[in-house]
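Structure first, then comments.
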Amino acid sequence: MTSHVNWEALREAASEAMRKAYVPYSKFPVGAAALVDDGRIVSGCNIENASYGVTLCAECSMTSELIMGGGGRLVAFVCVDGDGATLMPCGRCRQLLFEHSAEGMLLQTVSGIRTIDEVLPDAFGPRQLDEYNAK
Ligand code: THU
């Protein structure tokens, strides 16, 4: 599975996105990129705001590209900081990724390749809503 993922291409897409980051406040650019199950690569950068809490993480703009491009399931993901070093997605963004994840989605992390279930164990997701409403 891991061998089918071109991690170098994903890292390049994430770094390219990172260079577009709008970060006048934190000065901490982030780029995110993911392989979608139809083969395309989506990416995003963080977009800050003078009202700090309104800031969009790189994963948010990446998810917008995913949905605007027709949707799909995320197969593999990586996130980089301003040095191009691997960055862990924040907790909120793990939830965002989980929503759109393919079964067994892989993340390149600071501790190696992990699955979405490893970085967000026992996740809350669409299934809980479906099960409740099916009763
Ligand atoms: N940031 C992201 O874009 N993604 C993450 O997963 C971690 C944090 C951004 C938000 C903010 O613009 C900057 O990093 C500092 O927190």
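The values are calculated or read from the model by the stated rules, or taken from the named source; none is laboratory data. All figures in this text were calculated on a predicted structure; none of them were measured in a lab. Glycine gets a Cβ as well: all are built from the backbone with ideal geometry, and neighbour counts include every protein chain shown. Surface accessibility is based on the protein's heavy atoms, side chains included, excluding ligands, DNA and RNA. Shrake-Rupley method; radii C 1.70, N 1.55, O 1.52, S 1.80 Å.
Is it fair to say Gly72 is more than 9 Å from the ligand (Cβ to nearest atom), under 23 Å from Asp117 (Cβ atoms) and assigned to a loop (DSSP other than H, G, I, E, B)? Spell out how you get there, then give the answer.
On the way: more than 9 Å from the ligand (Cβ to nearest atom): yes; under 23 Å from Asp117 (Cβ atoms): yes; assigned to a loop (DSSP other than H, G, I, E, B): yes.
Spelling it out, Gly72 is indeed more than 9 Å from the ligand (Cβ to nearest atom), under 23 Å from Asp117 (Cβ atoms) and assigned to a loop (DSSP other than H, G, I, E, B).
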The condition of being within 12 Å of the ligand (Cβ to nearest atom) and under 15 Å from Val75 (Cα atoms) holds, among Ala32, Ala17, Ala21, only for Ala32
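Kindly indicate whether any position in the stretch 83-106 is in a loop (DSSP other than H, G, I, E, B) and touching a Phe, Trp or Tyr at 6+ places or on another chain (Cβ under 7 Å). Outline the logic, then answer.
Keep residues of the stretch 83-106 that are in a loop (DSSP other than H, G, I, E, B), which gives 83-85, 87-90, 100.
Filter once more, so that each one left must be touching a Phe, Trp or Tyr at 6+ places or on another chain (Cβ under 7 Å): none.
No, because not a single residue in the stretch 83-106 is in a loop (DSSP other than H, G, I, E, B) and touching a Phe, Trp or Tyr at 6+ places or on another chain (Cβ under 7 Å).
Looking at Ala17, is it at pLDDT 95 or above and in contact with a helix residue (DSSP H, G or I) (Cβ under 6 Å, 6 or more places away or on another chain)?
Numbers: at pLDDT 95 or above: yes; in contact with a helix residue (DSSP H, G or I) (Cβ under 6 Å, 6 or more places away or on another chain): no.
No; evaluated as a whole, the condition is false for this residue.
Would you call Ser64 more than 9 Å from the ligand (Cβ to nearest atom), open to solvent by 20 Å² or more (accessible area, probe 1.4 Å) and either closer than 20 Å to Val110 by Cβ or within 13 Å of the chain's Cα centre (by Cα) (or both)?
On the way: more than 9 Å from the ligand (Cβ to nearest atom): yes; open to solvent by 20 Å² or more (accessible area, probe 1.4 Å): yes; either closer than 20 Å to Val110 by Cβ or within 13 Å of the chain's Cα centre (by Cα) (or both): yes.
Judged against the criteria, Ser64 is a match.
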Ile47: passes all of (1) over 21 Å from Ala102 (Cα atoms); (2) more than 10 Å from the ligand (Cβ to nearest atom); (3) surrounded by 14 or more Cβ atoms within 10 Å (Cβ to Cβ) but (2)
Of the conditions (1) of a type outside the set (Phe, Trp, Tyr); (2) within 11 Å of the chain's Cα centre (by Cα); (3) within 15 Å of Ala13 (Cβ to Cβ), Thr86 satisfies every one except a single condition; which number is it?
(2)
Against the conditions (1) closer than 14 Å to Leu74 by Cβ; (2) over 16 Å from the mean Cα position of the chain (by Cα), where does Gln128 fall short? Just the number, please.
(1)
Scanning the stretch 1-38 for residues that are more than 16 Å from the chain's Cα centre (by Cα) and open to solvent by less than 80 Å² (accessible area, probe 1.4 Å), the one farthest from Arg92 (Cα to Cα) turns out to be Thr2
Expected single match for at pLDDT 95 or above and at positive phi among Gly44, Gly72, Gly31, Gly91 is Gly72
